[in-house]
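Visitor: Before I ask anything, let me first share the structure, which is written out below as structure tokens.
The values are calculated or read from the model by the stated rules, or taken from the named source; none is laboratory data. Owing to the predicted nature of the structure, the values given are computational and were not obtained by experimental measurement. Methodologically, a virtual Cβ is constructed for each residue, glycine included, from the backbone with ideal geometry; neighbour enumeration extends over all protein chains shown. Please note that ligands, DNA and RNA were not included when accessible areas were found on the heavy atoms of the full protein model with its side chains. Shrake-Rupley method; radii C 1.70, N 1.55, O 1.52, S 1.80 Å.
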Amino acid sequence: MAETLRGLGVSPGRAAGRVYRMAGPPLLPAPARAVDAEPVLSEALSALRATAAELAARAEKAPDTTSREILEAQSFIADDPGLHESVEGCVRAGIDAAHAIDAACAHHRRALLEAGGYFAERAADLDDIRNRAVAVVLGLPMPGVPDPGHPFILVAEDLAPADTVNLDPSVVLALLTEKGGPTSHTAILARARGLPAVVACRGVIGVGDGTWVSVDGARGEVETGIGEEAAAEIQRQASADRRRSVMSRGPGRTSDDHPVKLLLNIGSAADLGPAVTGSPAGEGPAGVDAEGVGLFRTEFLFLDRREAPGYEEQVAAYEAVFRAAPGGHVVIRTLDAGTDKPLPFLGLPSEPNPALGVRGLRVSRVRPEVLDTQLDAIAEAARAAGAQPWVMAPMVTTVGEAADFAGRARARGITHVGAMVEVPAAALRAGRLLNELDFLSIGTNDLSQYTFASDRQHGELADLLDPWQAALLQLIADCAAAGQAAGKPVGVCGEAAADPLLATVLVGLGVTSLSMSAPSIAPVRDSLAAHSLAQCHRNARLALDADDPAQARKLIMSG
């Protein structure tokens, strides 16, 4: 019997096929008392080291920087001395290797969840490490992706990075998870791979293997029991849509030629793919026709290091991006780290609520030299490449913070200085911020989290983080209006920018640029080209007037 399940659409696109569920975690046997601790400890630690090595090997084969960095971070967790010490304590208490790994991971998992923020995001990674290491100890098959011998739709309670990064889009047609949110690793990696995905979809884990379903990654809908013939037709339409998108070229514009810059989110020069080796001007990853880089996440250069990258290393990394970027346009975000994204070299104390603590620009309050070195390196790299960088700070909250950052950047010859709008206080004072700055870029992921007091990783609250929420759209509208009044650009670089239908709403609100992962560029370009500016304004009004995201989508799609 046909049934429609609803979740959060986190990666647009349509697909249809039979579903198959991810292999579950290994089941623990009855506990066995460890009589001789030394060989048991050796067995447990060897399993963790083997897991770390396997994840590191997967990282080397990862198709992009984002995937590689996530897997490397997971490998570091598996090899973390603190985790190994916990395992040793369990073994010396008389627990066997498999149960010692399970108990140690459970202990650290609880600590991560209690810490919240970035730490809580690592809990799913720790679950995956536990499952892999326990499987090694027990000699069981590694949990992971099924292989039914034909293309299928993958269903899981949640997906670990190691299972997601190497998925073959010609075999795995779409991703469906019972848990997760719009900023989970599943969502990020699905968008990077161009796979339709729906997360926080209650009941999907109960859909039997082999069931025919259709997936709409934009609407967040999964229809079960559709039949093979209907599935084949949906797949034909999806293939035709992809072919049209591949042919999509040129700058972002509405049907009546209103310009909207379409930009890329990257973590390093490697994410610019063919552009590095001299692809046609304006093309980025895999020949994507983009107009520049709207978000260069510099923190990937800093993650999982005991010491900060030096000045020369930073200059080289930034210069590589300036030289490879489409059109030479690059918006650099300074280090977005702190107690919610801990970096050992910062030496920051733990906090009871790290998402509300010392993070982003606030780190410069206690470690100003980190930001100063980064700005020096950006300025030198720009001079070497002959580029005009746009630089923005994360977690700007007050006019004073904006003015201080702008002064420090301009003292180094950086002429385009902006801020991320991730805190409601910044959105409410956007006009005043623009008195000090040259542009704003709205990070919808964090702005949603702080607007709705909803943890980005809390599966039960994922609906509050839906970027179609009217309160979030109102804050975006206020920022865009401030930009129009000041004659300065206001863009969106959060995940909301990758939704083709929502893109029309954002343009209608007055947003001047949209920055996203490479696979989303063409669908967003096509969506804008199919709407006039007047239609975008209409969609914006409908979305702002709607009582909830579902109603907003329905009103716009029915019109």
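Visitor: Taking Leu175, is it more than 24 Å from Arg18 (Cβ to Cβ) and either part of a strand (DSSP E or B) or touching a His at 6+ places or on another chain (Cβ under 9 Å) (or both)?
Guide: So Leu175 does not fit the description; no.
Visitor: Hey, another quick one. Could you check region 433-458 and list, in sequence order, the residues that are under 22 Å from Ala552 (Cβ atoms) and assigned to a helix (DSSP H, G or I)?
Guide: Those that are under 22 Å from Ala552 (Cβ atoms) and assigned to a helix (DSSP H, G or I): Thr444, Asn445, Asp446, Leu447, Ser448, Gln449, Tyr450, Thr451.
Visitor: Of the residues that sit in region 55-92 and are free of Cβ contacts under 8 Å to residues at least 60 places away in the same chain and in contact with a His (Cβ under 7 Å, 6 or more places away or on another chain), which one is farthest from Leu167 (Cα to Cα)?
Guide: Once the filter is applied, the top-ranked residue is Ser86.
Visitor: Open to solvent by less than 50 Å² (accessible area, probe 1.4 Å), at pLDDT below 95, within 30 Å of Gly431 (Cα to Cα) and of a type in the set (Lys, Arg): which single residue out of Arg333, Arg359, Arg408 fits that description?
Guide: Matching residue, one of Arg333, Arg359, Arg408: Arg359.
Visitor: So, Asp158, is that one surrounded by fewer than 24 Cβ atoms within 10 Å (Cβ to Cβ), within 19 Å of the chain's Cα centre (by Cα) and either over 18 Å from Ser520 (Cα atoms) or of a type in the set (Gly, Ala, Ser) (or both) or not?
Guide: yes
Visitor: Another one. List the residue pairs whose Cβ atoms are under 6 Å apart, where the first residue sits in region 198-209 and is more than 9 Å from Gly220 (Cα to Cα) and of a type in the set (A, V, I, L, M), the second is modelled with pLDDT under 90 and part of a strand (DSSP E or B), and the two are 6 or more positions apart or on different chains.
Guide: Short answer, once both residue conditions are applied: Ala200/Leu8.
Visitor: Tell me, which residue of region 129-155 that is part of a helix (DSSP H, G or I) and open to solvent by less than 10 Å² (accessible area, probe 1.4 Å) is nearest to Ala47 (Cα to Cα)? Full working, then the answer.
Guide: Filtering region 129-155 for residues part of a helix (DSSP H, G or I) gives 129-138.
Going one step further and asking which of them are open to solvent by less than 10 Å² (accessible area, probe 1.4 Å), we end up with 129, 132-135.
On the way: Ile129: 10, Arg132: 8, Ala133: 5, Val134: 7, Ala135: 9 Å.
The selected residue is Ala133.
Visitor: Let me ask something additional. Criterion first (under 19 Å from Gly13 (Cβ atoms) and open to solvent by 40 Å² or more (accessible area, probe 1.4 Å)) does Pro169 satisfy it?
Guide: Here the answer is yes, as Pro169 does meet what is asked.
Visitor: Tell me which residues, restricted to region 55-72, are surrounded by 18 or more Cβ atoms within 10 Å (Cβ to Cβ) and in a helix (DSSP H, G or I).
Guide: Those that are surrounded by 18 or more Cβ atoms within 10 Å (Cβ to Cβ) and in a helix (DSSP H, G or I): Leu55, Arg58, Ala59, Thr65, Thr66, Ser67, Arg68, Glu69, Ile70, Leu71, Glu72.
Visitor: For region 178-218, which residues satisfy the criterion of being surrounded by 21 or more Cβ atoms within 10 Å (Cβ to Cβ), part of a helix (DSSP H, G or I) and at pLDDT 90 or above?
Guide: Within region 178-218, just Val204 meets the criteria.
Visitor: Test Thr51 against the criterion of being assigned to a helix (DSSP H, G or I), of a type in the set (Ser, Thr, Tyr) and open to solvent by 20 Å² or more (accessible area, probe 1.4 Å), and give yes or no.
Guide: no
Visitor: Here's another thing I want to ask about it. Scan region 305-353 residue by residue and report those that are more than 20 Å from Ile70 (Cα to Cα) and assigned to a loop (DSSP other than H, G, I, E, B).
Guide: Within region 305-353, Gly310, Ala325, His329, Gly347, Leu348, Pro349, Ser350, Glu351, Pro352, Asn353 qualify.
Visitor: Within region 493-509, how many residues turn out to be without any contact (Cβ under 8 Å) to a residue 60 or more places away in the chain and either acidic (Asp, Glu) or open to solvent by 10 Å² or more (accessible area, probe 1.4 Å) (or both)?
Guide: 2
Visitor: Restricting attention to region 244-265, does a residue exist that is modelled with pLDDT of 80 or more, farther than 30 Å from Ala534 by Cβ and crowded, with 20+ Cβ neighbours inside 10 Å?
Guide: no
Visitor: To continue, here is another question. Taking region 1-39 as the search range and keeping residues that are at pLDDT 85 or above and hydroxyl-bearing (Ser, Thr, Tyr), which one is farthest from the chain's Cα centre (by Cα)?
Guide: Thr4
Visitor: Would you confirm, using the coordinates I've provided, whether Val40 is in contact (Cβ under 8 Å) with a residue 24 or more places away in the chain and open to solvent by less than 20 Å² (accessible area, probe 1.4 Å)?
Guide: Details: in contact (Cβ under 8 Å) with a residue 24 or more places away in the chain: yes; open to solvent by less than 20 Å² (accessible area, probe 1.4 Å): no.
It is false that Val40 is in contact (Cβ under 8 Å) with a residue 24 or more places away in the chain and open to solvent by less than 20 Å² (accessible area, probe 1.4 Å).
Visitor: Next up: State which residue is least open to solvent (accessible area, probe 1.4 Å) when the search covers only region 459-481 and only residues that are of a type in the set (D, E, K, R) and part of a helix (DSSP H, G or I).
Guide: Asp478
Visitor: Of all residues in region 452-472, which are in contact with a Leu (Cβ under 6 Å, 6 or more places away or on another chain) and over 20 Å from Thr186 (Cβ atoms)?
Guide: Answer for region 452-472, where residues must be in contact with a Leu (Cβ under 6 Å, 6 or more places away or on another chain) and over 20 Å from Thr186 (Cβ atoms): Phe452, Ala470.
Visitor: Scan (1) open to solvent by less than 30 Å² (accessible area, probe 1.4 Å); (2) closer than 30 Å to Leu159 by Cβ for the single condition Ala419 breaks and write down its number.
Guide: (2)
Visitor: Give all pairs with beta carbons closer than 6 Å in which a residue from region 471-492 that is of a type outside the set (Val, Ile, Thr) meets a residue that is modelled with pLDDT under 95 and not in a strand (DSSP E or B); count only pairs at least 6 apart in sequence or on separate chains.
Guide: So the pair list comes out as Leu472/Ser448.
Visitor: Which of the residues spanning region 482-492 are open to solvent by 20 Å² or more (accessible area, probe 1.4 Å) and in a helix (DSSP H, G or I)?
Guide: Passing the criteria: Gln484, Ala485, Ala486.
Visitor: Quickly run through region 511-524 and pick out the residues that are open to solvent by less than 10 Å² (accessible area, probe 1.4 Å) and touching a helix residue (DSSP H, G or I) at 6+ places or on another chain (Cβ under 8 Å).
Guide: Val511, Leu514, Ser515, Met516, Ser520, Val524 - these are the residues of region 511-524 that are open to solvent by less than 10 Å² (accessible area, probe 1.4 Å) and touching a helix residue (DSSP H, G or I) at 6+ places or on another chain (Cβ under 8 Å).
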